[in-house]
1. Estimate the FRET efficiency between B:Glu139 and B:Asn30 by the formula 1/(1 + (r/R0)^6), using the beta-carbon distance for r and 41 Å for R0, to the nearest 0.05.
2. Run the quick spin-label model on B:Glu107 and B:Gln75: label points 7 Å from Cα toward the beta carbon, then report their separation in nm to one decimal.
3. How large are Rg and Dmax for segment A:1-84 when calculated on the C-alpha trace, in angstrom?
4. Between B and A, buried accessible area summed over both sides at probe 1.4 Å, in Å² to the nearest 100?
5. Classify the protein assembly as shown from the C-alpha gyration tensor, please: rounded if a/c falls under 1.5, else prolate or oblate depending on whether a/b exceeds b/c.
6. Let me have the 222 nm mean residue ellipticity of the protein assembly as shown computed from DSSP H runs of 4+ only, each contributing -39500 (n - 2.57), with the sum over all residues rounded to the nearest 500.
7. Name the shape class, rounded, prolate or oblate, that the alpha-carbon gyration tensor gives for chain B, where a ≥ b ≥ c are the square roots of its eigenvalues, rounded holds for a/c under 1.5, and otherwise prolate holds if a/b is larger than b/c and oblate otherwise.
8. Choose one answer from B:Ile128, B:Ile28, B:Ile172: the residue with the largest mean-square fluctuation in a GNM of chain B with alpha-carbon springs under 10 Å.
Protein chains: 2
Amino acid sequence: MTTRETIIDTADHLIRSNGFNAFSFKDISNKIGIKTASIHYHFPTKSDLGVATIKEHIERFEYLKKEFENKSPLQKLNGFLSIYSQIKSENKVCLVGSLATDLNTVEDSIKNELKNFAELVLLWVTEILTEGKKQKMFEFQTTPRTKALMIITNILAIVQLSRLTQAEDFDIVKEAIIKDLRPHI
Amino acid sequence: MTTRETIIDTADHLIRSNGFNAFSFKDISNKIGIKTASIHYHFPTKSDLGVATIKEHIERFEYLKKEFENKSPLQKLNGFLSIYSQIKSENKVCLVGSLATDLNTVEDSIKNELKNFAELVLLWVTEILTEGKKQKMFEFQTTPRTKALMIITNILAIVQLSRLTQAEDFDIVKEAIIKDLRPHI
DNA sequence: AAGATACTACCTATTAGTAGATAGGCAAAA
DNA sequence: TTTTGCCTATCTACTAATAGGTAGTATCTT
């Protein structure tokens, strides 16, 4: 990994563990053994680093999409949900959830990039649901987009909420999402 | 309102607009025209102020519960969901959603008080759903607690997510929650 | 030699928090 | 009734630590 990639990776970890406003260049400096001034060389401002971190997520998301291109809607949805299982197991939250609460305090560049990312995710889940309904693999009453919003909000927020209720609640909700889509099983 | 109450009120506003780590005693000082040292008189540490803010929410929540005591499950659920409509209209997020992302950075006192609050909310929604199912007013397949988790995560996260997608998505999800519980209508 | 990368050293602003002074209100003692 | 003293609430003035960011210099790689 290049230094630049290492910085982004560490920033990503810190944003999703502590929040955008609770991490500093010094934190990264301490973690990867590089001076804060050197981080500024790669990312002039904190916002630049924030934007780069979101862009990295977008790239990884596009890659995941491609990986699941020829799989079934159910496999795709499970793939999507397992991202959050990973996040949960690391005691983090998802990038959208983390930055959405800080939205009023960040620059427009971050806001706009995050909008792009959220739109991308919503679009993919909507597509999965549309495809799944057509194949009679999924059952639901609302529009695919609305159902996608329901599922995304479920999984995004249970990552956060299960920190406060019980860790097991994450899997309970994850399974309930799938079960709800496949009542005939 | 006493000074103490005004401070809590302002802190609440700032926490839910900007996040716990993005507000300072100076922000409150500027807003209400009192020196930061005077805020420390009422709340020795920032954590003390955080805890007091959650306690205030708990009290208001208990009051709301009492107000709806003799109403129908549907009225109760609508009452619960309308809290979030209010939050959304003010461009804030809910306290649980805001602090849950900052959870790794706050003191245990805040963490524990927030757990109490979250447990209280989950309990009430679970009760509403149990009652509604018994009265055949609501229909759902999972346990009431699981369904409560689904609904709370929906409404909590759509407040955040609709900042990124479209503001109308909030009402779409809110209506879908009710419709899903009452498919016979 | 030249560009990329990292460094030292610094700056200014802000943070949470503290010490000590002051002012007003209230109540018991003189 | 006046005085004494305490309590509440606020203030001014300060601290040490940390924040994001910059200028100029050194080092490494090609």
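1. 0.20
2. 4.3 nm
3. When restricted to Cα atoms, segment A:1-84 yields Rg and Dmax of 15.5, 48 Å.
4. So the buried area, both faces added, is about 3700 Å².
5. oblate
6. Using -39500 (n - 2.57) per qualifying helix, the result is -24000 deg cm²/dmol.
7. prolate
8. Among B:Ile128, B:Ile28, B:Ile172, the largest GNM mean-square fluctuation belongs to B:Ile172.
The values are calculated or read from the model by the stated rules, or taken from the named source; none is laboratory data. This one's a predicted model, so the numbers in the text were calculated from it and none came from an experiment. Cβ: placed from backbone, ideal geometry, glycine included. Neighbour counts: every protein chain shown. Remember, those area values only see protein heavy atoms, side chains included, never the ligands or the DNA or RNA. Shrake-Rupley method; radii C 1.70, N 1.55, O 1.52, S 1.80 Å.
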